[in-house]
Amino acid sequence: MAAQRVAVCASLAVARLLLLGRCRVSPVPRSALSGAAMEPAPRWLAGLRFDNRALRELPVETPPAGPEGASTTPRLVPGACFTRVRPTPLRQPRLVALSEPALALLGLGAPPAPEAEAEAEAALFFSGNALLPGAEPAAHCYCGHQFGHFAGQLGDGAAMYLGEVCTAAGERWELQLKGAGPTPFSRQADGRKVLRSSIREFLCSEAMFHLGIPTTRAGACVTSESTVARDVFYDGNPKYEKCTVVLRIASTFIRFGSFEIFKSADEHSGRAGPSVGRSDIRVQLLNYVISSFYPEIQAAHASDSVQRNAAFFREVTRRTARMVAEWQCVGFCHGVLNTDNMSILGLTIDYGPFGFLDRYDPDHVCNASDNTGRYAYSKQPEVCKWNLQKLAEALQPELPLELGEAILAEEFDTEFQRHYLQKMRRKLGLVQVELEEDGALVSKLLQTMHLTACVPGADFTNTFYLLSSFLVDPESPGLAEFLARLMEQCASLEELRLAFRPQMDPRQLSMMLMLAQSNPQLFALMGTRAGIARELERVEQQSQLEQLSAAELQSRNQDHWATWLQAYRARLDKDLEGAGDAAAWQAERVRVMRASNPKYVLRNYIAQNAIEAAERGDFSEVRRVLKLLETPYHCEAGAATEPEATEARGATGGQRSYSSKPPLWAAELCVT
């Protein structure tokens, strides 16, 4: 009866929206529902109402028929933004976890009792084994610059647009299944994702949202007994892993690369977009994106398309700058910042080999496949700006390139620096006055965390978190204790020796150095000068560390931190001068810092713990970590959440707390 009431209420709500003209439920073509007549009717999910506007307003390829419906044969898809597909069923789908906050966006309440039935229903429909009424699976066509080079047509090779859900509140959310099987864009691949990568994406999508960072969402993670072979480290040792699907949610998954399908032949790669010359579709896509997702811009410039498109690009530039500033402030590394992984809404999208900084290192590369360090942590703002340049080029002639470049030059750096410094002031508790010197204070802090080129060490997340307990009174007896706690967040000698362990055998390094001098062309096929330089740096640092004692390291760290804390205290004194009530200022400072410096982020080793448990069939750790990440910021005394209480009990019982420094083995994790 409860499910029936939900369905009736949802139907009435949709009816009201239809009368208001805000939502239109369109009939589903028979081709999209072939074989669907035998599919079971949903109960909990019956209230979801689809209105698939993207497929109505953008060109959709009617694919050639295959043995079981739409063909998934890899091919170019010219003249279309989507092609119809159908998920490939999995054997015995099983729910790993649901994110109730993400599903609430769709108007779904908590899964009804009995829980097992609700989980089975979620596993059935969110795996793609059955289609919800009104769903029209399709794959989106896009191109992209990958690692700086135009790759031509890419598209949804492991993801499928499921449809757009209209809610009673008038909101519209696109649903996407990632890992649901091959599409024409799979490029000889199987279109599947596996348990480890799916858990990472599921957890990080939700972690980023609760950190307050613009992101796509993840509503469900479903695994199965179907398997695929994966060579995890590309070392010739593949293993079979379980096929897994993630339900992704966003207003849209259209990206920069969606506009690159019109690109003419690239001067370097010779590749072109599949819809080169189709300016009519570019106009159609621009009209759809701006009217659907930037209606205020559409309304303000309805009679002037060039000014409208300029305002659109300006807003995308600002959103992207703010997004990457947010990343830098929490130490998030994306890993694969190609143009096809950049959202047109300024959302964090496509979580692959991501990572959060543990030990602060501006040159940290979280993707082991990124041999040149193109997407290192410190380079992310620069890369995002480069990607916006490629978007500006793709919008020609609807947006003249000189106008797009002028907007980019005017907006990106200014917006990034403004937002970054604003966030950093809050992280440091500078709540009363803004001073020009604040940028230098932040830079000096990061230098202190990095210490020297030889000995980087402070834990990024925990150092900022600790600063909220820094006592302002210079006569405070707690200063020495605070400095000692800060020292605990600096890398130990053992950690540093492990971090800077050379990656090459000395004989191999010697051979590569000789080859670089004697045969540069052959050397270019085997390595890069940047890679060799990094290896030489490791050797030098390792040599220096061998001559350094733990006591010397401790003394050096204390000197660096004492110097910076003195400057920080002086800056806090200036902030206090602008406040009328010292006690109120202190309370506000602590509140702002605790709301700006997370206690928990999804470190690689936390995700790995959840993955290893799930691979044994135990999904409880995934669900526990998910709940912990829903409250990443500090709670007031006595107000700890249940996940935090569980976390504290685990730490007391000998299990490492997820808010402590990572274990040594975390440095050995490799994500590609």
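Restricted to strands (runs of 3 or more DSSP E) entirely inside the stretch 87-193, those with at least 1 residues that are modelled with pLDDT of 95 or more and β-branched (Val, Ile, Thr) are 94-98, 159-166.
Selection of the stretch 467-520 for residues being assigned to a loop (DSSP other than H, G, I, E, B) and more than 23 Å from Val365 (Cα to Cα) yields Ser468, Ser469, Phe470, Leu471, Val472, Asp473, Pro474, Glu475, Ser476, Pro477, Gly478, Asn519.
Considering only the stretch 295-309, I want to know if a residue exists there that is open to solvent by 10 Å² or more (accessible area, probe 1.4 Å), farther than 17 Å from Tyr420 by Cα, in contact (Cβ under 8 Å) with a residue 24 or more places away in the chain and of a type outside the set (Asp, Glu). The answer is yes, given that some residue of the stretch 295-309 is open to solvent by 10 Å² or more (accessible area, probe 1.4 Å), farther than 17 Å from Tyr420 by Cα, in contact (Cβ under 8 Å) with a residue 24 or more places away in the chain and of a type outside the set (Asp, Glu). If I ask for residues that are under 15 Å from Arg425 (Cα atoms) and either in contact with a Gly (Cβ under 7 Å, 6 or more places away or on another chain) or free of Cβ contacts under 8 Å to residues at least 60 places away in the same chain (or both), which ones from the stretch 547-571 would you list? Residue satisfying the conditions is Ala570 alone. Inspection of the stretch 564-575 identifies no residue that is among the charged types (D, E, K, R), at pLDDT 95 or above and either under 30 Å from Leu98 (Cα atoms) or touching a strand residue (DSSP E or B) at 6+ places or on another chain (Cβ under 7 Å) (or both). Note on the stretch 394-404: residues that are in a helix (DSSP H, G or I), touching a residue at least 40 places away in the same chain (Cβ under 8 Å) and open to solvent by 40 Å² or more (accessible area, probe 1.4 Å) amount to 1.
Can you name every residue in the stretch 521-530 that is buried (at least 16 other Cβ atoms within 10 Å of the Cβ), assigned to a helix (DSSP H, G or I) and within 31 Å of the chain's Cα centre (by Cα)?
Residues of the stretch 521-530 buried (at least 16 other Cβ atoms within 10 Å of the Cβ): 523, 527.
Restricting the remaining residues to those that are assigned to a helix (DSSP H, G or I) gives 523.
If the condition is that a residue be buried (at least 16 other Cβ atoms within 10 Å of the Cβ), assigned to a helix (DSSP H, G or I) and within 31 Å of the chain's Cα centre (by Cα), then no residue fits.
Table: residues versus (1) of a type in the set (Asp, Glu); (2) assigned to a helix (DSSP H, G or I); (3) modelled with pLDDT of 95 or more; (4) closer than 30 Å to Arg75 by Cα.
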position	(1), (2), (3), (4)
Asp280	yes, yes, yes, yes
Tyr288	no, yes, yes, yes
Ser292	no, yes, yes, yes
Glu296	yes, yes, yes, no
Gln307	no, yes, yes, no
Ala310	no, yes, yes, no
Thr320	no, yes, yes, no
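Among the candidates Arg538, Arg556, Arg589, the residue that is assigned to a helix (DSSP H, G or I) and open to solvent by 70 Å² or more (accessible area, probe 1.4 Å) is uniquely Arg556. Annotation: of all residues in the stretch 212-235 being part of a loop (DSSP other than H, G, I, E, B) and open to solvent by 10 Å² or more (accessible area, probe 1.4 Å), the one that is farthest from Ser127 (Cα to Cα) is Asp235.
The values are calculated or read from the model by the stated rules, or taken from the named source; none is laboratory data. The structure displayed is predicted, hence computed values, not measured ones. Virtual Cβ from ideal backbone geometry, glycine too; neighbours counted across all protein chains shown. When the accessible area is computed, the model is the full protein with side chains, heavy atoms only, and any ligands, DNA or RNA have been set aside. Shrake-Rupley method; radii C 1.70, N 1.55, O 1.52, S 1.80 Å.
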